[in-house]
Amino acid sequence: MSTTVLRTADAWWVRTPAGATRIDTRAQTTGQLLAESERIAAAVGSREYVDPSELDVISPVTAPCRVVAQMTNYASHAQDAGIKPEAIPLTFFRKASGSISGPTDDILRPAHVRCLDYEVEIGLVVGRELSVGTRVTEQNWTTFVAGLVVANDVSARDIQLPKTQFYEAKSYPTFTPVGPALVLLDADELSRFDALRLRLWVNGELRQDAMAGSDMIYSPVQALQALSRFQRLDPGDLLLTGTPKGTALSAPPKPVELIAALLPTAVKWRIFFERQAKNPRYLKPGDVVEVAIGTDDGALDLGRQRTVVRSA
């Protein structure tokens, strides 16, 4: 049975149907908390409730930690970018954990960024050490995952694309809103990963809406298998698993792409971002971004974020 963990500035909590109960712990990090399963279980059975709506929740994933992300991992997103899904390799990039913010914190757009994009993603929170060389299988992959979180992989496209690297473009402070909850799941519940629906709204307009199982190119077990060849992961680390179509960025029409290929690089990027600057889907100060992930039957509910874009 899933356990929903909340975090405030001074405490950890378990949310139950009757209310939120405080976990008796001195844990300062997500990894430390995950090592105290007995204390989490005791909180589930507590009768000392508070109203969860009165809690000022922050990210249930603490920094510093490793934040690893899968690149172009949904078929619809690949097609939206003009790429054949079958041509996509299993690849990763890193984000600075200093980019992690809470589920209601403002997203701060740096003054030099104009093409600010959004990406709803399912986050896997590591539950036990995954050292390099670990054998990950279909049977044991769930033992490395403590639970799941809602995440938004915010991206500065006008930094990312000309520099052809992701780290800076995705690592500014507040560029990884996480939460509102860390939903701890057992193996049977994690087996329903494919049934999770990812949705994102901007100012009430539904921009992204997809099922993980029917759209995802590489599964969590495949991602963990690949990472185990070169990247150690520890309890509390975060793996972002990709986003579906519907982001602000999309590929140019084929004739435009063919013409652009003949231009010098500097000219090509100048023309590209002149066009992108006219795209109203990029985030602007004052925009409200809402993100939710769960199964359609409500059995698994990772919660809902609500963040507002502000000028840094």
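Structure above, values below:
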read-out: Of residues in the stretch 80-101 being of a type in the set (Gly, Ala, Ser) and in a loop (DSSP other than H, G, I, E, B), the one surrounded by the most Cβ atoms within 10 Å (Cβ to Cβ); value: Ala96
read-out: Residue identified as over 22 Å from Gly102 (Cβ atoms), among the polar types (S, T, N, Q) and within 19 Å of the chain's Cα centre (by Cα) among Gln208, Gln139, Gln165; value: Gln165
read-out: Sole exception among (1) touching a Gly at 6+ places or on another chain (Cβ under 8 Å); (2) not in a helix (DSSP H, G or I) for His77, by number; value: (2)
read-out: Close pairs from the stretch 70-92: first over 26 Å from Ser228 (Cβ atoms) and in contact (Cβ under 8 Å) with a residue 60 or more places away in the chain, partner in a strand (DSSP E or B) and of a type in the set (Asp, Glu), Cβ under 9 Å, at least 6 apart; value: none
read-out: Contacts under 7 angstrom Cβ, first residue in the stretch 221-235 being assigned by TED's automatic domain parsing to the domain that holds Val145 and assigned to a loop (DSSP other than H, G, I, E, B), partner at pLDDT below 95 and surrounded by fewer than 14 Cβ atoms within 10 Å (Cβ to Cβ), 6 or more apart; value: none
read-out: Near pairs, Cβ below 6 angstrom, 6+ apart or cross-chain, from the stretch 175-201 (on the phi > 0 side of the Ramachandran plot and without any contact (Cβ under 8 Å) to a residue 24 or more places away in the chain) to any residue that is among the acidic types (Asp, Glu) and part of a strand (DSSP E or B); value: none
read-out: Strands (runs of 3 or more DSSP E) (entirely within the stretch 102-182) containing at least 3 residues that are over 23 Å from Val289 (Cα atoms) and at pLDDT 95 or above; value: 145-152
read-out: The stretch 280-309, residues that are of a type in the set (Val, Ile, Thr) and within 22 Å of Leu108 (Cα to Cα); value: Val288, Val289, Val291, Thr307, Val308, Val309
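The values are calculated or read from the model by the stated rules, or taken from the named source; none is laboratory data. Every value quoted in this text rests on a predicted model; they were computed, and no experiment measured them. FYI the Cβ positions are ideal-geometry reconstructions off the backbone, even for glycines, and counts take in every protein chain you see.
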